[in-house]
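All remarks here apply to the structure that follows.
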Amino acid sequence: MPETQMWFGTTKRMMWIPVPLSGADTSSEAWNDGGVLLNGGGYEQHSWGSHKQYVYAWSDASSRQAAQLIKSYRDGAYGRGILYLVDPLTYDTNVLPARVAYPALACDDEGASMVYGLEPDRIDTSNWAANELPVDSAFYDLTSVTAGFRGVEDAVYIPIPPGFTLFLGAFYDFSGSGGIFVTPQDNAGSLGAPVALTAKAVSDTQVVTDTFSDIAGVWIWLGKSASGSASVTAHAMIARLLRTEYIGGGYMYDRILSGPWIGGQGNSGLRFMGVPTYIENSGVDDGQIGYAASFREVGSWIYG
């Protein structure tokens, strides 16, 4: 599928849709406040965590069917769950949301935790410069946490477009049965057995190791696989997508494997901001429609 298409939808129904027009705004939004002090000094405060917004518009010569499809998603025709999209411009950088790619963002209540109801401790990352990893990491004491996949409030879903392979790299240390896991979801919506991601050393020259393909997507979560004391120190994560046919060699394959680490540019799940527009421009060629829609990232906070 050429990069004129984008993988979009709910966990019940995802499909290829046209990419939006150039100039699309995919900036992040966060809380901030600033001003001037009585003595003339300045101040500025902001949240460390943020969420993505997508402001999209499509061609004014689009078909009626293409424009209505986006409205049908807004109506819930393809599922009432949160929406996902995979921006083609993030395939070879990092398709994870920022707070999963940089786990220490959850420390000090600065972002959503990777374990619902448990705030991690911030610790320094040793030898972080080898892959330009974050300088701090998140330590999770998992002793009191229930073992196994506890549900979507603990996980982030990453869809895998047809014909692509997801490459995952998880830089972390663990004790006991702790780990960073993946629960695969097949194309029928059924969940498979959890798989522990390879615990990569911070100096590993290959930033992604584990691969997943021919499934709808994966749920990534941090936890433990058995009862008893356990812990995880999460340094960084990275996820990239490559056409399966390119695996085995060549420039793109080598680029997917190589560092350095790049912060997360994906999202944890979206909701529509308002209702999509639908502008009737012409009756030529069975109708030419202009349409636009905006989305806000909500997945990491919907259970908070």
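Could you put Thr209, Thr146 in order, starting from the residue whose Cβ has the fewest other Cβ atoms within 10 Å? Write down the numbers at each step before the final one.
Details: Thr209 15, Thr146 11.
Fewest-to-most ranking of Thr209, Thr146: Thr146, Thr209.
For Asp108 and Lys12, FRET efficiency with R0 = 30 Å and r from the beta-carbon atoms, rounded to 0.05?
Step by step, r from the Cβ atoms, then E = 0.25.
How do His46, His235 rank when sorted from fewest to most other Cβ atoms within 10 Å of their own Cβ? Please list the in-between numbers first.
Working: His46 11, His235 28.
Placing the least packed residue first, the sequence is His46, His235.
Could you tell me what percent of the DSSP beta bridges with both partners in region 92-264 are antiparallel, to the nearest 5?
Values: 41 of 43 bridges.
Around 95 percent antiparallel, to the nearest 5.
I'd like the Karplus ³J(HN,Hα) series for region 248-264: coefficients 6.51, -1.76, 1.60, θ = phi - 60°, whole numbers in Hz, and an x wherever there's a Gly or Pro.
Karplus-based 3J(HN,Hα) across region 248-264 equals x, x, x, 4, 5, 4, 4, 5, 4, 6, 8, x, x, 4, 10, x, x Hz.
How many percent of all Cα-Cα pairs in region 92-264 sit more than 28 Å apart?
Working: 2723 of 14878 pairs.
When all Cα pairs of region 92-264 are counted, 18 percent exceed 28 Å.
Sort the following peptides by mean Cβ neighbour count (other Cβ atoms within 10 Å, averaged over residues), highest first: 5-12, 33-40, 91-98.
Details: 5-12: 18.5, 33-40: 7.4, 91-98: 22.1.
My ranking of the peptides, most packed first, is 91-98, 5-12, 33-40.
Expressed as a rounded percentage, what relative contact order does region 42-194 have, with Cα pairs under 8 Å and six or more residues apart? Intermediate results must be reported in sequence, preceding the final value.
Values: 107 pairs, mean separation 21.4, N = 153.
That works out to 14 percent.
Where Lys and Arg each count +1 and Asp and Glu each count -1, what net charge lies around Gln68 among other residues with Cβ under 14 Å from its Cβ? Mind dumping the intermediate values first?
Values: positive: Arg64, Lys71, Arg74; negative: Asp75, Glu280, Asp286.
Neighbour charge sum, excluding Gln68 itself: 0.
What is the gain in length, in nm to one decimal, between Ala201 and Lys71 on full extension, counting 0.36 nm per residue of separation less the C-alpha to C-alpha distance? Before the final figure, lay out the partial values.
Working: separation 130, 0.36 × 130 = 46.80 nm, distance 4.55 nm.
This chain segment gains 42.3 nm when fully extended.
Using only DSSP helix segments of four residues or longer, with each worth -39500 (n - 2.57), what per-residue ellipticity at 222 nm results for the chain after dividing by its residue count and rounding to 500? Mind dumping the intermediate values first?
Numbers: 3 runs with 23 residues, N = 304.
Calculated at 222 nm, the ellipticity per residue is -2000 deg cm²/dmol.
If all Cα-Cα distances of the chain are sorted into 10 Å bins from 0 onward, what percent lands in each bin, rounded to whole numbers?
Bin by bin from 0 Å, the calculated values are 6, 26, 32, 22, 10, 3, 0.
Quick one: 3J(HN,Hα) in Hz for region 165-171, Karplus 6.51/-1.76/1.60 with θ = phi - 60°, rounded, Gly and Pro as x.
10, 8, 9, 10, x, 10, 8
Starting from 0.36 nm per residue, how many nanometres of slack lie between Asp286 and Arg122 once their C-alpha separation is accounted for?
On the way: separation 164, 0.36 × 164 = 59.04 nm, distance 5.86 nm.
Length difference between fully extended and current span is 53.2 nm.
Going by how many other beta carbons lie within 10 Å of each one, how would you line up Val156, Val145, fewest first? All intermediate terms of the calculation are to be shown ahead of the outcome.
Numbers: Val156 24, Val145 21.
Neighbour counts put them in this order, fewest first: Val145, Val156.
Relative to the longest principal axis of the C-alpha atoms of the chain, give the angle of the C-alpha long axis of helix 64-75, reported between 0 and 90° and rounded to the nearest 10°.
Orientation of helix 64-75: about 50 degrees from the principal axis.
Give a residue-ordered list of calculated ³J(HN,Hα) values for region 175-180 (Karplus: 6.51 cos²θ - 1.76 cosθ + 1.60, θ = phi - 60°; whole Hz; x for Gly, Pro).
For region 175-180, the Karplus curve yields 10, x, 9, x, x, 10 Hz.
Looking at the chain, how many pairs of lysines come closer than 23 Å at the Cα, when each pair is eight or more places apart or spans two chains? Mind showing how you got there, number by number?
Values: Lys12/Lys52; Lys12/Lys71; Lys52/Lys71; Lys200/Lys224.
Close lysine pairs found across the chain: 4.
Hey, what did region 92-264 get for relative contact order, percent, Cα under 8 Å, at least 6 apart?
Numbers: 454 pairs, mean separation 58.4, N = 173.
Relative contact order for region 92-264 comes out at 34 percent.
Throughout, read-outs are computed from the coordinates displayed, never taken from laboratory work. Owing to the predicted nature of the structure, the values given are computational and were not obtained by experimental measurement. Cβ coordinates were reconstructed from backbone atoms using ideal geometry, including for glycine residues, and neighbour counts include every protein chain displayed.
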